[in-house]
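The values are calculated or read from the model by the stated rules, or taken from the named source; none is laboratory data. These numbers come from a predicted model, not from an experiment. As a convention, Cβ positions derive from the backbone with ideal geometry for all residues, glycine included, and neighbour counts pool all protein chains shown. Only protein heavy atoms, including side chains, enter the accessible area calculation; ligands, DNA and RNA are left aside. Shrake-Rupley method; radii C 1.70, N 1.55, O 1.52, S 1.80 Å.
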Amino acid sequence: MTNSVPRLLIKNGTLIDGSGRDPVTNTLIVVEGNRISHVGGAAGSVRPETPDDTVIEAAGKFILPGLVDAHCHISLHQGALPGAKYTSSAEFCTLWASHAIGRILRAGVTSIAVPGGKWFTDVTVREAVDGGLLEGPRMVVAGRALSTYGGIFDPDPYPAYEGTPADAAGILCNTRDEFIRETRKQCKRGVDLIKIADSTWGDIQTVADDEIAAVVEEAHRHNVKVAIHSRGSTSTRASAKADVDLIYHGDWADEDDLDIIAKAGMPIAPVLTSPWIGVEHGAAGRGFGDRVRDRLRAQLDTSFQMIRNARDRGIPILSGSDTGNASAFSHGKWHGKEAELFVKEIGMTPMEAIVANTSSNAAIVNLAGEVGVIAPGRLADIVIWDNDPLADITVLQRPTEISLIIKDGRIVDRTDGGFRQLSEEPPRARMFLAG
Ligand SMILES: [Zn+2]
């Protein structure tokens, strides 16, 4: 043994590398330590196999980068747990989030952006993953979402006269100074991302233009990104002008708004999966009436057209599922759904949808050039699938069709670590409407 760095050799599989390049059959991929050192044929530059190498035979299988989900929550909604008195406590949220990240990783998702959660749970869980205490995806996380009276995070259970309780997922900011103060507080505590939240449906703009701009200026001075829940035309336009890093939703952005976004250069993550779940699965019994469902259906149609218009302008379209937003959005279940909607409803090719779920999402998790593409020098986040997602994009929704997950050069233990499968859907679970 001349080299002590552990080596993984993945042989004979079909590589779909995440860059959009055509698939390559019969590849050899070599991982040394936590990085990819070789991709291609069995060239002479590769050191001969030794008994110390881990050799993975991937003939007939499909090798992709680990998926990147640009919109996951891990502590925003806590499921039911018999015997737990207060599932919104910081203690319970931390346990819940620690459980959730394992399920996300075992679905082939090796990086996530977490745009909003409770307490500073998500910061702590990210630190625990980074420090090796927990196994989970790479994470960039926000704190509580910054919202005004009447914004999506100031919903009916928290009427304005009460303010937001300490365990709410949003924090009320009603003046420019309050937005700046909360941004500073969250930056100090170690967030990667500030989440601003405008109105639920986008029919009114609840956060003023100068408040959005003030948050962006403050956060960027701390090297922290800003994402906004913005469905309306004027809030989306103001976000583009303020140079936010990512616009979630953007449903009502018209052609002029999209021109401004295209010029400003930020991506849009439409997050079609959550309203789709609401329409398809948000039936009675989940506090979700016909009127809301009809409105979500109309909202989806608006979003589909907006995204087609955005795509025509070359605006990057990111893929995010809103997993964990509500009890129906189970961790590990829906991360690949957005890709299917991109293909079936927007008209992307399966390859474009794969790129949207891999390399296009790398920048929002602060890992541009590091993850999302399988190439020499990149971090070794790799998923080997049994079936071809280019032939059937819904493969990405089926973790049962994963043969191996590698994160940071290590093979992920795909047993559930002894965690029980929890009841996800208490009888009167609220649907948060895609915050
Ligand atoms: Zn969300």
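Values for this structure:
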| item | result |
| --- | --- |
| Accessible surface ranking that places the most exposed of 281, 71 first, with a 1.4 angstrom probe | 281, 71 |
| Point-charge dipole on Cβ atoms (K/R +1, D/E -1) for the range 165-300, about Cα centre, debye to 20 | 540 debye |
| Listed residue (77, 264, 147) projecting farthest to the positive dipole end of the chain, Cβ model | 77 |
| Alpha carbon centroid spacing (whole Å) that separates the range 227-306 from the range 92-153 | 22 Å |
| Theoretical gain in end-to-end length, residue 291 to residue 254 [0.36 nm per residue, Cα-Cα removed] | 10.8 nm |
| Net +/- balance of residues flanking residue 395 in space, Cβ distance below 13 Å, scoring K and R +1, D and E -1 | -2 |
| Sum of side-chain charges, residue 140 neighbourhood, beta-carbon under 12 Å (Lys, Arg +1; Asp, Glu -1) | -1 |
| Placed amide H near residue 170: partners under 5 Å, 5+ positions off or other chain | 145 |
| Mean residue ellipticity (222 nm) of the chain, computed from DSSP H runs ≥ 4 via -39,500 (n - 2.57), nearest 500 | -8000 deg cm²/dmol |
| Cα-centred dipole magnitude for the chain, charges only on beta-carbon of K, R (+1) and D, E (-1), debye, nearest 20 | 700 debye |
| Neighbourhood net charge (14 Å Cβ-Cβ; Lys/Arg +1, Asp/Glu -1) for residue 11 | -1 |
| The range 67-335, accessible surface, carbon-and-sulfur percent (1.4 angstrom probe) | 50 percent |
| Largest to smallest accessible area among 38, 229 [probe 1.4 Å] | 38, 229 |
| Residue among 30, 90, 137 farthest towards the positive dipole end of the chain, charges placed on Cβ | 90 |
| Shape category assigned to the chain from the gyration tensor of Cα positions, a/c cut at 1.5 | prolate |
| Volume per residue of the C-alpha convex hull in the range 1-156, rounded to whole Å³ | 174 Å³ |
| Spin-label model distance (nm) - residue 313 vs residue 210, 7 Å beyond Cα toward Cβ | 2.6 nm |
| Probe 1.4 Å, protein heavy atoms only - accessible area per residue of the range 67-335 in square angstrom | 36 Å² |
| Protein-only accessible surface order, largest first, of 333, 407, 195 at 1.4 Å | 333, 407, 195 |
| Farthest positive-ward along the chain dipole, Cα basis, beta-carbon charges - from 56, 114, 402 | 56 |
| Over the chain, relative contact order from alpha-carbon pairs under 8 Å, at least 6 apart, % | 20 percent |
